[in-house]
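Working notes for the structure below.
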Amino acid sequence: MFSELGTDVGMDVVASRAGVGVGTVYRHFPNKDLLLSRLLNAMYEGLVAAAQEALARGDGTGLEEFLRLLSRSLIDHLGYSDRFISDLGPGVGEQLDSLFDQLLTQAKTHRTINDSATKGDLQILIWGVRGVVAVSGSVAPEAWERFLDIHLAGLRAAPFPSVHPGIDAGQIKQILDARDKK
């Protein structure tokens, strides 16, 4: 329900969709924030496991595989995925962040991505995927896949097709912080 309708949906609607009484939901989750927290933690744990599996391949293709999985996960959880990083709290995302860095390094080592590609480039790509989903909606629900394909092709290109500097980690943090204050 949160994926479809967002986080404003009431627990009574969640209970109805689950086919249980609202009391049953409240016995397991005393409030909606706890339910959302559990959903976000499950999403995070699934992404960590996927990143570890992608990294274990060791052939440089794990980054692209993980970007596709991450994009799909953000889309499957669209109604609350904007809370993914901000609600996990400080330090919780460090394991996934470290795995993401390792996947990027491995991809560069195996030359499946251009050496000048940055983590910021990939973060913006992920934001772009979410934007495509937001505007294409149910009319073209898979449009994000072509968008991702096109951008991954650009990230593989050598020499890199842009002379403009990439966004850095500090700028990403500022963007996320400003978004969280809204």
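Numbers below:
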| quantity | calculated |
| --- | --- |
| From phi via Karplus (6.51, -1.76, 1.60), per-residue ³J(HN,Hα) for the range 9-23 in Hz, x at Gly/Pro | 4, x, 5, 5, 5, 4, 4, 4, 5, 6, x, 10, x, 4, x |
| Apportionment of accessible area to carbon and sulfur, the range 1-53, percent (1.4 Å) | 51 |
| Solvent-accessible area per residue for the chain (1.4 angstrom probe, square angstrom) | 57 |
| D (Stokes-Einstein, µm²/s), Kirkwood Cα radius, the range 93-172, 0.890 mPa s at 25 °C | 179 |
| Along each principal axis, Cα extent of the range 128-182, largest first, Å | 38, 35, 12 |
| Theoretical ellipticity at 222 nm over the chain - DSSP helices of four or more residues, -39500 (n - 2.57) apiece, nearest 500 | -21000 deg cm²/dmol |
| Packing rank of 125-136, 168-179, where each peptide gets the mean count of other beta carbons within 10 Å, highest leading | 125-136, 168-179 |
| Whole-Å semi-axes of the ellipsoid equivalent to the range 1-137 (Cα gyration tensor, √5λ, descending) | 33, 16, 12 |
| Alpha-carbon gyration tensor eigenvalues x 5, square-rooted, for the range 1-49, Å | 20, 12, 9 |
| Kirkwood Rh and Cα Rg combined as Rg over Rh, evaluated for the range 8-84 | 1.13 |
| Ordering of 17-27, 61-71 by packing [mean C-beta count within 10 Å, highest first] | 61-71, 17-27 |
| Pairwise label distance in nanometres, ARG111 with ARG57, each label 7 Å out on the Cα-Cβ vector | 1.9 |
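The values are calculated or read from the model by the stated rules, or taken from the named source; none is laboratory data. Source: prediction; values computed, not measured. Glycine gets a Cβ as well: all are built from the backbone with ideal geometry, and neighbour counts include every protein chain shown. Each accessible area value is taken on the protein alone, full model and side chains, heavy atoms only, with ligands, DNA and RNA left out. Shrake-Rupley method; radii C 1.70, N 1.55, O 1.52, S 1.80 Å.
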